[in-house]
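Engineer: Take a look at the following structure, please.
The values are calculated or read from the model by the stated rules, or taken from the named source; none is laboratory data. What you see is a predicted model; the values in this text were computed from it and never measured. A quick note on method: Cβ atoms are made from the backbone with ideal geometry, for glycine too, and the neighbour counts reach across all protein chains shown.
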Amino acid sequence: MSVVSCRDVTRSFGDLAAVDGVSLSVEQNEVVGIIGPNGAGKTTLLNCLEGLDVPTSGSIDVLGFCPVKDAHVLAQRVGVQLQHAALLPRLKVGEALELFSSFYARPMPWRPLLETLGIAAKEKSYVAKLSGGERQRVFIALALIHDPELLFLDELTTSLDPQARLAMWEVVRDIRRRGKTVVLTTHYMEEAEALCDRVAIINQGRLVALDTVRGLISAHGGDSTLRLTLDRPTPPTLTSVEGVSSVNSDNAVTIIRGRGAFAQNVLSHLTQAGAVVTDMTMSSPGMEEVFLNLTGRTMREAP
Ligand SMILES: Nc1ncnc2c1ncn2[C@@H]1O[C@H](COP(=O)(O)OP(=O)(O)OP(=O)(O)O)[C@@H](O)[C@H]1O
């Protein structure tokens, strides 16, 4: 049985289908990322999965339960990262963790959790006085306090500095190593590449792709680029080499785009032609190219 199963889910606000016919499943011990441009519907979808919002149509199962009707059962087994400090301003970090521990049958010891998240020194600070990144880490600690089987993380590392972001990635990897399941949204392609077993790309409410990073790049990444400096003018025969889609010259550099084993084919072709390669670089498409090809926008335009 899938941990999360979402069938043909639509959530409309008036005429706007913020989530539009999304079907997806998340299996046990997977980390699945949801990415998409601003306003794509990621948070709305996550809210529906978390039981904070109700789909206009379609159905959702989480651990075999309905996220809305069975919220009390799921609360013990699912962790949700809060986004706003509204309910905690007058509490100190340690008090907030103590309070949340009291909600659960088997809470984890929270001091080691603060250590792992790098905020042990903030135990006696008011939540309201923390920096954005520190508060974010408190919310992660609160989401983890009952050692949930399934964790929902919405923009996990958005206000964190690079060091804290890497530490947070380790936290997620550790959660996965312990057999848990994670569904996260992110605006960072490198985060999706680093953490996710599969990535769902949402655009205008619709699920446009769902696959491993490698699968997405091979299906939607487009061409790789090989830049060569040769000891002679570019042989015109390069255009007919298997896998090559285009050949251009820029000053002394030959720029060849293609797919599959095109680079190897090009090099053998040049060797046979007696040409000498004096410099060579190769760049392959990544998730940025996948995102651009599927949504028409770069990720930098999106946040
Ligand atoms: N309660 C609401 N009432 C009306 N419209 C809403 C509501 N919540 C979301 N929307 C709209 O639904 C669309 C999807 O919003 P959502 O917050 O899910 O996008 P997102 O992908 O999470 O965006 P971002 O990356 O900016 O966080 C947006 O056009 C948003 O304005």
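Engineer: Conditions first: (1) more than 9 Å from the ligand (Cβ to nearest atom); (2) not in a strand (DSSP E or B); (3) not aliphatic (A, V, I, L, M). S23 passes all but one, so which condition is the exception?
Structural biologist: Checking S23 against (1) more than 9 Å from the ligand (Cβ to nearest atom); (2) not in a strand (DSSP E or B); (3) not aliphatic (A, V, I, L, M), the one that fails is (2).
Residues are listed down the side, and each one gets a yes or a no for (1) surrounded by fewer than 20 Cβ atoms within 10 Å (Cβ to Cβ); (2) at pLDDT 95 or above; (3) not in a strand (DSSP E or B):
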residue	(1), (2), (3)
V183	no, yes, no
A192	no, no, yes
L207	no, yes, no
G222	yes, no, yes
L226	no, yes, no
S245	yes, no, no
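Engineer: Condition test on A96, is it of a type in the set (G, A, S), within 28 Å of S159 (Cβ to Cβ), away from the ligand (no atom under 16 Å from the Cβ) and buried (at least 20 other Cβ atoms within 10 Å of the Cβ)?
Structural biologist: yes
Engineer: Something else about it: Taking only pairs six or more apart or across chains, which ones have beta-carbon atoms under 8 Å, a first residue in the range 65-77 that is touching a residue at least 12 places away in the same chain (Cβ under 8 Å), and a second residue that is charged (D, E, K, R) and surrounded by 15 or more Cβ atoms within 10 Å (Cβ to Cβ)?
Structural biologist: Once the first residue is touching a residue at least 12 places away in the same chain (Cβ under 8 Å) and sits in the range 65-77, its partners that are charged (D, E, K, R) and surrounded by 15 or more Cβ atoms within 10 Å (Cβ to Cβ) give P67/E50; R77/E149.
Engineer: Right, here's the next one. Would you call E50 among the acidic types (D, E) and under 24 Å from V213 (Cβ atoms)?
Structural biologist: no
Engineer: Is it true that some residue in the range 286-294 is closer than 30 Å to Q204 by Cβ, within 16 Å of the ligand (Cβ to nearest atom) and either basic (K, R) or assigned to a loop (DSSP other than H, G, I, E, B) (or both)?
Structural biologist: No, the range 286-294 contains no residue that is closer than 30 Å to Q204 by Cβ, within 16 Å of the ligand (Cβ to nearest atom) and either basic (K, R) or assigned to a loop (DSSP other than H, G, I, E, B) (or both).
Engineer: Further question: In the range 171-186, which residues are more than 16 Å from the ligand (Cβ to nearest atom) and among the aliphatic types (A, V, I, L, M)?
Structural biologist: Within the range 171-186, V171, V172, I175, V182 meet the criteria.
Engineer: Among the residues of the range 16-51, write down those that are farther than 15 Å from L184 by Cβ and either among the hydroxyl-bearing types (S, T, Y) or surrounded by 24 or more Cβ atoms within 10 Å (Cβ to Cβ) (or both).
Structural biologist: Passing the criteria: V19, V22, S23, S25, G41, T44, C48.
Engineer: Assigned to a helix (DSSP H, G or I), at pLDDT 90 or above, assigned by TED's automatic domain parsing to the domain that holds L184 and surrounded by 21 or more Cβ atoms within 10 Å (Cβ to Cβ): is that true of L114 in this structure?
Structural biologist: no
Engineer: I need a count of the residues in the range 26-45 that are within 16 Å of the ligand (Cβ to nearest atom) and of a type in the set (D, E, K, R).
Structural biologist: Result for the range 26-45: 1.
Engineer: Sticking with this one: Search the range 117-139 for residues being assigned to a loop (DSSP other than H, G, I, E, B) and among the hydrophobic types (A, V, I, L, M, F, W, C), and hand back the single one that is surrounded by the fewest Cβ atoms within 10 Å (Cβ to Cβ).
Structural biologist: Among them, the one singled out is L130.
Engineer: Can you find, within the range 140-170, the residue that is surrounded by the most Cβ atoms within 10 Å (Cβ to Cβ) among those that are among the β-branched types (V, I, T) and within 16 Å of the ligand (Cβ to nearest atom)?
Structural biologist: Restricting to residues being among the β-branched types (V, I, T) and within 16 Å of the ligand (Cβ to nearest atom), the top hit is T157.
Engineer: What do you reckon, is T212 under 28 Å from L63 (Cβ atoms) and loosely packed, with under 14 Cβ neighbours inside 10 Å?
Structural biologist: Here the answer is yes, as T212 does meet what is asked.
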